[in-house]
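Working notes for the structure below.
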């Protein structure tokens, strides 16, 4: 019985560690647009984490979305609406938040959200 409890504790601890590693990669990457390569369909962000600056290259695929949120132009509508953008609409200096997934050693964008236009 004691061995079973120890085994369950070890398996449970390993599961928590595996879960935390899996969810850590799902956080959006936020940063300042440093460069845009429309031909290569990539976006380079300058990010800051724990006081360190690093450049992250994001690959965009045809199914990747780029959006910003704007006030609606229709009378009577309030709040914000999503407006689709193309890669060429992005400008260096803008701050974006990117939801990505890993494909090999690349960060592939699911959604790029414009946070601030500078």
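The values are calculated or read from the model by the stated rules, or taken from the named source; none is laboratory data. All figures in this text were calculated on a predicted structure; none of them were measured in a lab. Here Cβ is always computed from backbone atoms with ideal geometry, including for glycine, and neighbour counts include all displayed protein chains.
Quick look at the numbers
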{"read-out": "Filter result (in contact with a helix residue (DSSP H, G or I) (Cβ under 9 Å, 6 or more places away or on another chain) and not in a loop (DSSP other than H, G, I, E, B)) within region 28-40", "value": "36, 37"}
{"read-out": "Listing of strands (runs of 3 or more DSSP E) fully contained in region 41-86 that carry 1 or more residues being in contact (Cβ under 8 Å) with a residue 24 or more places away in the chain", "value": "42-49, 52-59, 65-70"}
{"read-out": "Selected residue (only one of 57, 23 is modelled with pLDDT under 55, at negative phi and under 22 Å from the mean Cα position of the chain (by Cα))", "value": "23"}
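Residue-by-condition table, conditions (1) modelled with pLDDT of 95 or more; (2) surrounded by 10 or more Cβ atoms within 10 Å (Cβ to Cβ); (3) closer than 27 Å to residue 103 by Cα; (4) more than 19 Å from the chain's Cα centre (by Cα):
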{"residue": "31", "(1), (2), (3), (4)": "yes, yes, yes, no"}
{"residue": "36", "(1), (2), (3), (4)": "yes, yes, yes, no"}
{"residue": "50", "(1), (2), (3), (4)": "no, no, yes, no"}
{"residue": "75", "(1), (2), (3), (4)": "no, no, no, yes"}
{"residue": "79", "(1), (2), (3), (4)": "no, no, no, yes"}
{"residue": "92", "(1), (2), (3), (4)": "yes, yes, yes, no"}
